[in-house]
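Take a look at the structure set out below.
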Amino acid sequence: MKKKLLIVLLLFALLTMGASTVVARGLRSDFRARLSGRQEVPPVATQAEGQAHFRLSPDGETLHYRLLVRNIVDVLQAHIHCGPAGANGPVVAFLYPDAPPAQLIPGPFSGVLAEGTRTDANIVPQPDSPVCPGGVADLDDLLTQMRSGNTYVNVHTVANPAGEIRGQIR
């Protein structure tokens, strides 16, 4: 009986040690962005808006996301970009579709545009630049940029191929 209890406690300890890696390091693991046309560079007059939610897995290896939009028309794609508020920067991760090419959702759309996970395999590497200091090579680099407020989400449409709505990730 004592041996079984010891084994169970040992397994529990091992599982919780691995699951608390991100928390133990005191790093932020939840992020959000509110998207609107006025945050685009240059601003876009639109009724569309959106929200993006991100949560890092306890082991720090997977970023879960959900992108919701409302009143948007003819969506082509959505990304995470590296860059500060007020500046455009390079794509570092695809949200919709999962990878190129763009995929048109014709007509008006409201609801969950994209939901899934991102890992090292989904990062679009970007070199060091004025809008992306340090660059992005993997998920850890993306998280560093997100924690510093240097990333944003935007949704591209037929009418606004450079982006119709945008929100800084916080």
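I need the full set of residues from region 45-96 which are surrounded by fewer than 17 Cβ atoms within 10 Å (Cβ to Cβ) and closer than 14 Å to ARG32 by Cα, in order please.
Listed by number, the residues that qualify are GLN51, HIS53, ARG55, HIS64, ARG66, LEU68.
Kindly evaluate PRO100 against the criterion of being over 18 Å from LEU35 (Cα atoms), assigned to a strand (DSSP E or B) and not aromatic (Phe, Trp, Tyr).
Working: over 18 Å from LEU35 (Cα atoms): yes; assigned to a strand (DSSP E or B): no; not aromatic (Phe, Trp, Tyr): yes.
Taking the combined requirement at face value, the residue does not satisfy it.
Is at least one residue of region 104-123 free of Cβ contacts under 8 Å to residues at least 12 places away in the same chain and hydrophobic (A, V, I, L, M, F, W, C)? Give the steps one after another, and end with the answer.
Keep residues of region 104-123 that are free of Cβ contacts under 8 Å to residues at least 12 places away in the same chain, which gives 121.
Restricting the remaining residues to those that are hydrophobic (A, V, I, L, M, F, W, C) gives 121.
Within region 104-123 (the criterion being free of Cβ contacts under 8 Å to residues at least 12 places away in the same chain and hydrophobic (A, V, I, L, M, F, W, C)), the answer is yes, since at least one residue qualifies.
State which residue is surrounded by the most Cβ atoms within 10 Å (Cβ to Cβ) when the search covers only region 18-44 and only residues that are among the hydrophobic types (A, V, I, L, M, F, W, C) and at pLDDT 95 or above.
Per the stated criteria, the residue is LEU35.
Could you figure out which of (1) touching a helix residue (DSSP H, G or I) at 6+ places or on another chain (Cβ under 6 Å); (2) among the β-branched types (Val, Ile, Thr); (3) more than 15 Å from PRO90 (Cβ to Cβ) isn't true of THR151?
If we test THR151 against (1) touching a helix residue (DSSP H, G or I) at 6+ places or on another chain (Cβ under 6 Å); (2) among the β-branched types (Val, Ile, Thr); (3) more than 15 Å from PRO90 (Cβ to Cβ), just (3) comes out false.
When you look at PRO106, is it surrounded by fewer than 17 Cβ atoms within 10 Å (Cβ to Cβ) and in a loop (DSSP other than H, G, I, E, B), yes or no?
no
Going through VAL92, VAL131 one at a time, which residue ends up being modelled with pLDDT of 95 or more and not in a loop (DSSP other than H, G, I, E, B)? Outline the logic, then answer.
Details: VAL131 fails: not in a loop (DSSP other than H, G, I, E, B).
Unique residue meeting the criteria: VAL92.
The values are calculated or read from the model by the stated rules, or taken from the named source; none is laboratory data. Not measured: the values here are computed from a predicted model. As a convention, Cβ positions derive from the backbone with ideal geometry for all residues, glycine included, and neighbour counts pool all protein chains shown.
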